[in-house]
């Protein structure tokens, strides 16, 4: 596979096998990092490009292996799936140097969704390396993560939404109401029955799986067919753009309830 690194019996290795081979090729203190570590952790799609490896001594990249130089303390790397790799915070820290902000933010949000936490946090890394080239991008991403901070519960999101309604002089809905559509019963987060308006509060953990995503969309379709107008509101929208959300919701609540639409 590389000089001194062999595949035994065949060369049809998995991606994990190619990552392990690249790390072995770069020496005993090398670890998978950057884009490749992000793919190993599942916070970024796999890339068919070069494999990123961080080594403790400056050396040139070689073939399909892209080398990075850094002296990593023990709390910035680990063993994951039998492959030495940077921790999730260190991985995102490195991504901030090589990727656009939106891609770094996606990786950060995915790590939160998967609950990939570590004793050494990203803020701690920012303090440890104040002159790091990706710090500005990383701080912007962390600031935007306020849309749904780790550990925010459904009850807290509901309370935030009710406070938002009160501040905008908007009527309060029925919370966690049940609707019967044909032979099915659906529970909705917020319902204004007279106006046939539903608001779903997106962001808590129960919406974070593929099955929940598909179920939510099927429910939206059924509710729209039954004449309910359903919109989804996130923590970020309540925090960063409350005026726009209030204006849209106010218009929705005073518009013709027969105009069924689901957004």
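Cβ-Cβ distance of residue 155 and residue 71, R₀ of 41 Å, FRET efficiency by 1/(1 + (r/R0)^6): the value works out to about 0.35. Peptide packing for 159-172, 94-107, 21-34 was compared via the average number of neighbouring C-beta atoms within 10 Å per residue; ordered from the highest value, the list is 21-34, 94-107, 159-172. Name all residues of region 102-120 having a backbone nitrogen under 18 Å from the label point set 7 Å from the Cα of residue 127 along its Cα→Cβ direction, giving them as ranges. Zone members listed by number: 118-120.
Just need log10 I(q)/I(0) for region 15-145 at q = 0.16 Å⁻¹, Debye formula, equal scatterers on the alpha-carbon atoms, no solvent, rounded to two decimals. Those come out to -0.73, one per q.
By the count of neighbouring beta-carbon atoms within 10 Å, fewest first, 14, 87, 78 end up ordered 14, 78, 87.
How high is the relative contact order of region 154-254, given as a whole-number percent (alpha carbon pairs under 8 Å, six or more residues apart)? The normalised contact order for region 154-254 reaches 25 percent. Comparing mean-square fluctuations of 117, 228, 129 from a GNM of the chain with C-alpha springs under 10 Å, the top value falls on 129. If R0 is taken as 30 Å, the Cβ-Cβ distance between residue 139 and residue 175 corresponds to a FRET efficiency of 0.25. Can you give me the angle between helix 210-225 and the longest principal axis of the chain, using Cα atoms only, in degrees from 0 to 90, rounded to the nearest 10? For 210-225 against the chain, the angle is about 20 degrees.
Please state the shape class of region 1-67: rounded when a/c is under 1.5, otherwise prolate if a/b exceeds b/c and oblate if not, all from the C-alpha gyration tensor. In terms of gyration-tensor shape, oblate.
Label-to-label distance, residue 216 versus residue 101, with points set 7 angstrom from Cα along the beta-carbon direction: 2.5 nm. The value obtained for region 47-108, namely the Cα convex hull volume divided by the number of residues, is 107 Å³ per residue.
Across the chain, the mean sequence separation of Cα contacts (distance under 8 Å, 6 or more residues apart), normalised by length, yields a relative contact order of 12 percent.
Helix 101-113 axis versus longest C-alpha principal axis of the chain: approximately 80°, rounded to the nearest ten.
Taken over the Cα atoms of the chain, the convex hull encloses 162 Å³ per residue. For the pair residue 3 and residue 115, a Förster radius of 41 Å applied to the C-beta separation gives a FRET efficiency near 0.55, rounded to the nearest 0.05. Overall form of region 154-254: oblate. Here a/c, set by the Cα gyration tensor axes a ≥ b ≥ c, is 1.5 or more, and a/b is not larger than b/c. With both labels modelled 7 Å from their Cα along Cα-to-Cβ, the residue 62 to residue 78 distance reads 3.0 nm.
Mind checking the angle between helix 135-144 and the chain's longest principal axis? C-alpha axes, 0 to 90 degrees, to the nearest 10. That works out to roughly 30 degrees.
Take every pair of alpha-carbon atoms less than 8 Å apart whose residues are at least six positions apart; their mean separation over the length of region 10-161 yields a relative contact order of 19 percent.
Each reported figure results from applying straightforward, stated rules to the coordinates on display, with no laboratory input. None of the values given here were measured: they were computed from a predicted structure. Virtual Cβ from ideal backbone geometry, glycine too; neighbours counted across all protein chains shown.
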